[in-house]
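What follows is a single structure, written as structure tokens, with notes after it.
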Amino acid sequence: MSSKYDYKQLGLMSGLEIHQQLDTKEKLFCGCPTTLRDVEDSNFEFFRYLRPTRSEMGEVDRAAAEEAMLTKQFVYKAYDTTCLVENDEEPPRELNPEALNLTLQIAKLMNMDPFDEVFTMRKIVIDGSNTSGFQRTVLVSTGGYIETSQGKVGVGVLCLEEDAAQRVEDKVDSVIYSLDRQGIPLVEIGTDPDIVSPAHAREVAETIGMLLRSTGRVKRGLGTIRQDVNISIARGARVEIKGVQALDLIETIVEQEVERQVNLLDIMEKLQSNNASVPGDIVNVTNLFNQTQSKVIKKALKRGVVLALDLPGFAGQVGREIQPGRRLGTEFSDYAKKSGVGGIFHTDELPAYGITEQDVDTVREAVGARDGDCVILVADLEDRAQGALQMVVERARLALKGIPEETRRGLPDGNSAYMRPLPGAARMYPETDVPSEVITRDMLDSIELPELLPERKARYMEELGLNEELAGIVASKHLELFEKIITEVPGINPTLVASAFDNGKHSALDTPYIDSTLVASTLVNTLTKLRRESELTHDFDIDEVESHHYVDLFKLIVSGGAAKEVIPVLLIEIAQNPEKDIEDIAKKMGLGQKRIEDIERSVENIINQRIDFVKEQGIGAVGPLMGEVMKEFRGSVPGKILSNILKEKIEARLNSSE
Amino acid sequence: MTVEEGDSVLVKQGNRTFNGVLMPSITDNAVIKLINGYNVGFDPGNVTMELAEKKQDVQAATVELPPHDPDLPNVSILSTGGTIASKVDYRTGAVTSQFTAEDILLAIPELTKIANYNARVCYSILSENMQPEYWVRLAEEVYNEIKAGAAGVIITHGTDTMMYTAAALAFMIETPVPVVFVGSQRSADRPSSDNAMNAICAAKVATSDIAGVTVVMHGTTSDDFCHIHKATKVRKMHTSRRDAFQSINSRPLGRVDYPSGKITTYLDHARRGEKELAINSNIEPRCTLIKYTTGASPETLLFASANYKGIVIEGTGLGHVSTEWVPYIKRTTKAGIPVVMTSQCLSGRVCDRVYDTGRDILKAGVIEGEDMMPEVALVKLMWALGQTRDIDEVRKIMTTDMAGEITRSSRT
């Protein structure tokens, strides 16, 4: 990546905040499962309003106050997997011990020494994302570090928190949230501002992610890990960019935020040398638009007004790009949207949107704008438009001073948009419904460090002979199940196989060759295929197959009771009848090793008879030959097995003849 | 120099230093509120603590109340200890309930558009510590407020025993104006509390045409409307939900939509100004409520009759106790102690003429509690015994509707 800037010289300071969901059985403060749901499956909804609580200083937190400006209705979708705790209709249960334990393990991985007693706190958040109006959070430790290529990076914060409800839909007057996610335990890991470059930011995120996945007990998949990035440059301000879901974006986010801050500083200098100012007088110019051709304005005027704001000395700056595709005007617009308007117009981009040159001239005259001024227009319901321009006044004044400290929302293109001011400390108080937890030496000593993913992957390659790709996927995604199978099924783990041979229990003749690659590939490839199939057909639910089923399945294969070719068919059968005994299923299907060998011989015969056709058609011969194969067995063998064998044999024949 | 709770301190643990405020602790650990707002605990054996700065008294913010609006009615708010407004001390984390008019109006500014308020603390107790004797003073205070011209009275009350107090006031006071009980199920220190909406709806009822004693609380789990319940027909039916208060053996009297404040009524009610203000607050607090359960010994009744002046039984089904209890009931009523039968079904009417046991119970002198809830029958019995000692008079009062507690027809 070619760097646009010398980050060192700019004084880049950056820290990451990583939120990782934990894969616990229950939520952090109730007995509900940590399962995500389809919004369509919601069986109940309700709505609430939130209002900021007041501190004894008579103040409300500035971020909370801004959110409260919008008296929005919050609609919550509930499920048969959520309860009154998520609904804020019942006090929370005690802190989930499984989650606390896992957090202590993570603390150990980050070289931390947890506090002797930890307390559940309420952090006020009144954007509706928590039904209570606060997020419950526990500071478990500070003062850790991780090793990186640029030296140690401090881990300043490790918190155990409840996840917020998922935002489903944003409307003008209401927001819809889904409660399945609320209360899922997550750890928040905050690094110190030791990150020195965009690439380093990415490395730190990857390292922390690897450490977390090494526990084998964190959630996987989109949305289960979210990164916030704190960024500042020496002359800029601290900005927190929230909700970066993909690691790939971190680098771009940092680069583009630096670009934004550099440009905003330049704009500030230009504005100062233009003697720009923000008097803040809002003028009603509705009557100038009585005859307007602009569809947007016509629509707004049915119930609303057009208000204008003159910004002396701002001409040319409002339309200036500060990030790819985003201007100072976009920042104004983000602020304005807080009062519910769809957006703003500014004269740096006009005439456009059906607003003519002449419209612009009359508006400029009406507000007394001179050359070098920029005029902002908003068309909407009167109090919304009024509120919007007041927000623009606030943001424009900040532009004269530099860069505001903000919480911003990460956008998919690496840009970010304004969310709210950075929250102050005045929003934290104890959750009196949840007792504190004392962390004893014994608890800490009993926590074992997990084998780290890279080590585990290397071990699987070396000891088990897995190829690199399989080893990597199994080590990070299927760890527990894989370990269970290879330890519990005799004859799979080569080290165990060796000892089995020593005991003379198995001989090479009557034991089919089963290695850990078969297990790994079943978990990685076969399962993925079956999952896709089950999502398409809904004939079976592959999640019905539990770990003990897999152990039984591989035991059966090792003992010769079923051939490895029938694994996919057996898995489907198990998913449909999870209570049945696998051996019975296999016996009923009559698909032992011997039978498969017979089938293979017959298939080979058919191929031999039609060898010219096969050579001519290549793999396309599978379809036409399938009919003959099916006729041979008359439904006594599932078609899926036959087609697998046929395909395998044709491929083998084609390869050998080349 | 020693450090005290509230002082800013420096805690040193190895080579790490933590800045914060010393907090109260219930374990042996030292609890510090760090600058980032989190509380954490240190084993005092592993750390040293130094004073950084003595605590300073924080000047409470003063707020200007809006001026008296002559176009708005005057409403009195009496507090018994339920929190309608509370504030959080973010420095120490303490939550305190507030009760000056300023505090309430600051927390719920919408109230200022509905009325002018005169707020006073009557009791400052947890609702489980409420006593029948306290009802008497509360009734007198309400009487005085109305006499002094209040257009309505709002009583904030903890939800646990609100139904007892509300029922008591319904029996004690004849009122030409609304007397409204209100509380909150979810603490007022949370942004999602039901306190504000309940208070706003209560203020709407207090300034409405609905005279008499009512309870105004959330109608559903949503912030959509409050129900207005008759004080003698309402019961807390859930430990924690917002819509815990339900009318039993009656529809709610009406509802208040939120945030519009629109009132709809479902039942007939006394209108503002129809009744003369009157108070009759004599009671006999020595009454008790006994629940009959399978295998319950009649000795319970024996003990009650030796120690109380009136007894309400929460019987099974239509109003039954085991045959074994019948002679003991007879002895009790013979001794001049009224025994009122209600049902643990809560919903429905008592009828002891259906089965033999019931007929025996009636012969033993039991007063049928009709469709009164057991708790309401208890409050009413205390009030009835405050009016007369004559058991026939008591029987007459107990079987006559005095404050909406008995309905002539059971509606589906």
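The values are calculated or read from the model by the stated rules, or taken from the named source; none is laboratory data. Since we're looking at a predicted model, the values are computed, not measured. Here the Cβ positions follow ideal geometry from the backbone for every residue, glycine too, while neighbour counts run over all protein chains shown. Quick note on the areas: whole protein, heavy atoms, side chains included, nothing else; ligands and nucleic acids left out. Shrake-Rupley method; radii C 1.70, N 1.55, O 1.52, S 1.80 Å.
Structure above, values below:
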read-out: Linear extension gain, A:Glu583 paired with A:Lys477, 0.36 nm per residue minus alpha-carbon span; value: 35.4 nm
read-out: When the stretch A:596-657 is reduced to its Cα atoms, the Kirkwood hydrodynamic radius in Å; value: 11.4 Å
read-out: Size of the A/B contact, given as accessible area buried on both chains, probe 1.4 Å, in Å²; value: 4300 Å²
read-out: Global form of the stretch B:235-300, assessed from the alpha-carbon gyration tensor, a/c cut-off 1.5; value: oblate
read-out: Cα-based convex hull volume of the stretch A:273-404 per residue, rounded to whole Å³; value: 98 Å³
read-out: Which of B:Ser127, B:Ile200, B:Ser240, positive extreme of dipole for the stretch B:74-279 (C-beta unit charges); value: B:Ser240
read-out: Rounded to whole Hz, the Karplus (6.51, -1.76, 1.60) HN-Hα couplings of the stretch B:179-196, x for glycine and proline; value: 10, 10, 8, 8, x, 9, 8, 10, 3, 5, 8, 10, x, 8, 4, 7, 4, 5
read-out: With eigenvalues of the C-alpha gyration tensor scaled by 5 and rooted, the protein assembly as shown, Å; value: 61, 47, 31
read-out: Cα gyration tensor shape of the stretch A:244-283, rounded if a/c is under 1.5, else prolate or oblate by comparing a/b with b/c; value: oblate
read-out: Selection from A:Asn274, A:Ile124, A:Pro324, by position along the positive dipole direction of chain A (Cβ); value: A:Asn274
read-out: Percentage relative contact order, chain A, counting C-alpha pairs under 8 Å, at least six apart; value: 13 percent
read-out: Spread of Cα-to-Cα distances over 10 Å intervals beginning at zero, given as percent, for chain B; value: 5, 20, 25, 19, 15, 10, 5, 1, 0
read-out: Cα centroid of the stretch A:510-563 to Cα centroid of the stretch B:177-197, whole Å; value: 57 Å
read-out: With DNA, RNA and ligands ignored, accessible area of B:Thr388 (1.4 Å probe; Å², nearest 10); value: 30 Å²
read-out: Residue-averaged 222 nm ellipticity for chain A, from DSSP H runs of 4+ at -39500 (n - 2.57), nearest 500; value: -12000 deg cm²/dmol
read-out: Accessible solvent surface per residue of the stretch B:228-365, calculated while the other protein chains remain in place, 1.4 angstrom probe, Å²; value: 49 Å²
read-out: Cα-centred dipole magnitude for the protein assembly as shown, charges only on beta-carbon of K, R (+1) and D, E (-1), debye, nearest 20; value: 2420 debye
read-out: A:Lys555 accessible area, assembled protein chains, probe 1.4 Å, Å²; value: 90 Å²
read-out: Accessible carbon and sulfur surface of chain A relative to its total accessible area, %, 1.4 Å; value: 47 percent
read-out: Gyration tensor (alpha-carbon) shape descriptor, the stretch B:327-411, a/c threshold 1.5; value: oblate
read-out: Counting DSSP beta bridges with both ends in the protein assembly as shown, the antiparallel % (nearest 5); value: 75 percent
read-out: Chain B: antiparallel DSSP beta bridges as a percent of all, rounded to 5; value: 55 percent
read-out: Cβ-placed point charges (K, R +1; D, E -1), dipole of the stretch B:287-398 about Cα centre in debye, nearest 20; value: 240 debye
read-out: Leading residue at positive end of dipole, the stretch B:74-279 (Cβ point charges), from B:Asn144, B:Ile114, B:Val75; value: B:Ile114
read-out: Alpha-carbon centroid distance for the pair the stretch A:280-335 / the stretch A:397-415, whole angstrom; value: 20 Å
read-out: Accessible area, probe 1.4 Å, largest first, for residues A:His346, B:His227; value: B:His227, A:His346
read-out: Above-threshold pairs, the threshold being 30 Å between Cα atoms, out of A:Lys219/B:Lys12; A:Lys171/A:Lys270; A:Lys242/B:Lys113; A:Lys152/B:Lys12; A:Lys295/B:Lys262; A:Lys242/A:Lys457; value: A:Lys219/B:Lys12; A:Lys171/A:Lys270; A:Lys242/B:Lys113; A:Lys295/B:Lys262; A:Lys242/A:Lys457
read-out: A:Asp584 accessible area, 1.4 Å probe, all protein chains in place, Å² to nearest 10; value: 90 Å²
read-out: Backbone HN-Hα couplings from phi across the stretch A:339-351 [Karplus 6.51/-1.76/1.60, Hz, Gly and Pro as x]; value: 9, x, 7, x, x, 10, 10, 9, 5, 5, 10, 9, x
read-out: Convex hull per residue volume in Å³, alpha carbons only, for the stretch B:241-373; value: 168 Å³
read-out: Trypsin sites (Lys or Arg not before Pro) within the stretch B:229-319: DSSP coil, no more than 12 neighbouring Cβ in 10 Å; value: B:Lys262, B:Arg286
read-out: Euclidean distance of C-alpha centroids, the stretch B:248-269 and the stretch A:80-105, integer Å; value: 36 Å
read-out: By accessible area with a 1.4 Å probe, ligands and nucleic acids excluded, highest first: order of B:Glu324, A:Glu597; value: B:Glu324, A:Glu597
read-out: Sulfur and carbon atoms: percent of accessible area, chain B [1.4 Å]; value: 48 percent
read-out: Percent RCO, i.e. relative contact order, over the stretch A:555-622, from Cα pairs under 8 Å lying at least 6 residues apart; value: 30 percent
read-out: For the stretch B:287-398, share of DSSP beta bridges that run antiparallel, in % to the nearest 5; value: 10 percent
